[in-house]
Amino acid sequence: MTTVTLMIFIIGLAVLAAAMIYAAVSYLRFYRREHFTCPKCGCSFRPKVLKMIFSVNAVEGKIIQCPNCGKREYMEPKQDRQEE
Ligand SMILES: [Zn+2]
């Protein structure tokens, strides 16, 4: 492997690692401090990790299914309580 190929390989790995860390941090933040609120029935919930990962990302939130009424809606994460 030439130095340039190795450099590209390492940069690629670094970018991949950074993307994974970013995703992990955002999921951790969600599970520690945030939840979704269903616009149809008002139910507050945290979906399972696998559902979070495979749900459709849209703008700030996700298209996710409510466990209470079963509706698939666009929801944005909400803070559990205001931090001041
Ligand atoms: Zn609902």
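The values are calculated or read from the model by the stated rules, or taken from the named source; none is laboratory data. Since this is a predicted model, take the numbers as computed values, not measurements. Positions of Cβ are backbone-derived with ideal geometry, glycine not excepted, and every protein chain shown enters the neighbour counts.
Structural remarks
- Among the residues of the range 1-50, those that are within 16 Å of the ligand (Cβ to nearest atom) and part of a strand (DSSP E or B) comprise H35, F36, T37, S44, F45.
- Among the residues of the range 1-20, those identified as surrounded by 10 or more Cβ atoms within 10 Å (Cβ to Cβ) and at pLDDT below 95 are A19, M20.
- Total residues in the range 51-84 satisfying the condition of being surrounded by 14 or more Cβ atoms within 10 Å (Cβ to Cβ) and within 10 Å of the ligand (Cβ to nearest atom): the figure is 5.
- The residue that is nearest to S26 (Cα to Cα), counting only those in the range 51-84 that are of a type in the set (S, T, N, Q) and part of a loop (DSSP other than H, G, I, E, B), is S55.
- Qualifying positions in the range 38-65 - on the phi < 0 side of the Ramachandran plot and more than 16 Å from the chain's Cα centre (by Cα): C38, P39, K40, C41, C43, S44
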